[in-house]
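The values are calculated or read from the model by the stated rules, or taken from the named source; none is laboratory data. Note that this is a predicted model, so its numbers are computed, not measured. In this analysis, Cβ positions are derived from the backbone assuming ideal geometry, glycine residues included, and neighbour counts consider all displayed protein chains. Surface accessibility is based on the protein's heavy atoms, side chains included, excluding ligands, DNA and RNA. Shrake-Rupley method; radii C 1.70, N 1.55, O 1.52, S 1.80 Å.
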Amino acid sequence: MPSLRTALLQSSGRPGAVAENLKTLDEAAARAAGAGARLLVAPELFLTGYAIGDAVPELAEPADGPGAEAIAEIAVRHGLAVLYGYPERDGERIFNASQLIGADGVRLANYRKTHLFGCFEQEWFTPGEQTVVQADLDGIRIGLLICYDVEFPENVRAHALAGTDLLLVPTAQMHPFQFVAESVVPVRAFESQMYVAYVNRTGPEGEFEFVGLSCLAGPDGVVRTRAGRGEELVIGEVDPEFLAASRAANPYLADRRPGLYGSLA
């Protein structure tokens with residue numbers, strides 16, 4: 001099975017300006033496709049911006065809303081799948097969500113962040129209730145989490161047990177927590193034997209300062225590609241043959257003793 005070339009768009013776009021952010025995504029998709037990527041991953045709440053305050057209700061839209069339609073057109077135009085973050089409206093509730101759209105423009109998966117971080121998110125968003133959301137892309141099982149979710153090892157292990165090969169984690173990871181990008185994410189990839197694409201915003205935005213450092217980490221805990229602190233598009237390979245060999249050599253999942261872990265729940 002061939003590798004899945006994956007592009008990570010590290011950008012904060014322009015908070016509050018959906019049209020501008022769609023343009024940035026379109027340009028990144030063109031560059032990614034030109035480099036042979038089959039998947040482009042954008043950060044948390046990329047469609048609208050993260051630090052948008054009381055504009056959240058105004059900018060939130062349903063999973064099949066105009067933003068999704070525009071991104072489906074981008075995916076089809078450039079022939080690659082796109083994962084992006086956005087505020088999802090479902091009736092009176094608003095979720096911090098991410099959505100994967102295939103290269104044919106079909107919506108493949110939609111995930112709602114289950115662990116909300118800080119006062120801003122807890123004020124505006126409802127936490128999701130489904131831990132494992134997956135889709136298949138080019139023979140690879142894709143799983144979705146968002147930012148703070150990946151800092152809970154239970155979430156990632158649940159994906160490992162469900163067969164996730166590549167975990168996509170759009171994020172808005174801020175100073176002074178850069179150790180998550182630097183250390184926690186590669187460890188998560190190793191301990192649960194999967195690839196993890198962690199894709200961050202960058203620079204100052206409202207009261208926040210995002211640290212960049214987006215990365216694609218492999219099941220051996222080695223980072224395949226890493227962005228710096230600024231706007232950047234980086235590309236890495238998700239190799240299913242290497243993943244299978246790594247899982248065969250690493251006994252973590254096989255050596256688990258679930259009967260001992262009941263107290264964790």
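General remarks:
- Potential lengthening between VAL106 and GLU154 on full extension [0.36 nm per residue; Cα-Cα distance subtracted]: 14.3 nm
- Note: region 209-249, Cα convex hull, 62 Å³ per residue.
- At full extension, ALA35 and ALA265 could sit 78.4 nm farther apart than now, given 0.36 nm per residue minus the alpha carbon distance.
- Across region 3-17, computed HN-Hα scalar couplings (Karplus, 6.51 cos²θ - 1.76 cosθ + 1.60, θ = phi - 60°) run 5, 9, 6, 10, 9, 10, 9, 8, 6, 9, x, 10, x, x, 10 Hz from first to last residue, x flagging Gly and Pro.
- Distance between the modelled labels on GLU58 and ALA254, one decimal in nanometres: 5.7 nm (7 Å Cα→Cβ projection).
- The length gained by stretching the chain between ALA245 and ASP90 to full extension, at 0.36 nm per residue less their Cα-Cα distance, is 51.6 nm.
- Sorting the segments 121-128, 253-260 by their mean number of nearby beta carbons within 10 angstrom, highest to lowest, gives 121-128, 253-260.
- Accessible surface of region 160-265, 1.4 Å probe, proportion on carbon and sulfur as whole %: 57 percent
- Region 51-203 shape via C-alpha gyration tensor axes, a/c threshold 1.5: oblate
- Per-residue Karplus couplings for region 191-200, computed as 6.51 cos²θ - 1.76 cosθ + 1.60 with θ equal to phi - 60°, are listed in order as 5, 10, 6, 7, 8, 10, 9, 10, 10, 10 Hz, Gly and Pro entered as x.
- Magnitude of the charge dipole for the chain, about its Cα centre and with charges confined to Cβ atoms of Lys, Arg (+1) and Asp, Glu (-1), is about 680 debye.
- Separation between Cα centres of region 68-101 and region 1-45, rounded to whole Å: 12 Å
- Long-range amide H partners of SER214 with built H, under 5 Å: ASN200, ALA227
- Listed peptides 195-202, 58-65, 150-157 appear in the order 195-202, 150-157, 58-65 once ranked by packing, highest mean of other Cβ atoms within 10 Å at the front.
- Estimated dipole of region 1-145 in Debye, rounded to 20 [Cβ of Lys and Arg +1, of Asp and Glu -1, Cα centre]: 560 debye
- The Cβ shell under 10 Å around LEU243 holds other residues with a net charge of -3, Lys and Arg each +1, Asp and Glu each -1.
- Alpha-carbon Rg/Rh ratio, for region 94-134, with Rh computed the Kirkwood way: 1.07
- Put TYR84, TYR252 in order of accessible area, highest first, and with a 1.4 Å probe you get TYR252, TYR84.
- Here is the size of region 1-124 from its Cα atoms: Rg then Dmax, 14.1, 46 Å.
- The GLU20 and SER183 beta-carbon pair, evaluated with R₀ = 35 Å, returns a calculated FRET efficiency of approximately 0.55.
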